[in-house]
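Read-outs: derived from the displayed coordinates by stated rules, not from any lab. Just so we're clear, the structure is a prediction, and the values are computed from it rather than from any experiment. Note that we place each Cβ from the backbone using ideal geometry, even for glycine, and neighbour counts take in every protein chain shown.
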Amino acid sequence: MYKKKNKIFGTSERPRLSIYRSNKDICAQVIDDFKGITLSSATSKETNFKIKVSKTKKATLVGKRLGEKTLKLGISRVVFDRNGYLYHGRVKALAEAARKEGLEF
């Protein structure tokens, strides 16, 4: 018997903050699921993150950058979608950095 997975859904008032983590990089984007558009995004592949630091530090920088970009759009509340990744390490570092910038989730 399979357990049905609950889907996380973002609205216009409270969009979804989705995280993707690979072995080298981490990406995060804020998505409005009603309209089907990405409102803002940040990734460790951007040119200003091409510094030699640990993967956790890169995740912290991505969370900070995403928080800044999202607050400029006037969005302060989001729904956190960790995409099945455990809440520790890089995922936790990104989330805490976004919270420090002012995002609520």
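Counting other beta carbons within 10 Å of each residue's own, what order do 75, 51 fall into, fewest first?
The most exposed by this proxy come first: 51, 75.
Per DSSP H run of at least 4 residues, take -39500 (n - 2.57); add these up for the chain, divide by its residues and hand me the 222 nm value, nearest 500 deg cm²/dmol.
Dividing the helical sum by the residues of the chain leaves -9500 deg cm²/dmol.
Which entries in 35/58; 35/57; 7/52; 52/100 show an alpha-carbon gap greater than 28 Å?
Checking Cα-Cα distances, 35/58; 35/57; 7/52 exceed 28 Å.
Just grab the label-to-label distance for residue 96 and residue 38, each label 7 Å out from Cα along the Cβ direction, in nm (one decimal).
Here the answer is 2.7 nm between the modelled labels.
Once R0 is set to 30 Å, what does the formula 1/(1 + (r/R0)^6) return for the Cβ-Cβ distance between residue 13 and residue 48, expressed as a FRET efficiency to the nearest 0.05?
Computed FRET efficiency for residue 13 and residue 48 comes out at 0.50.
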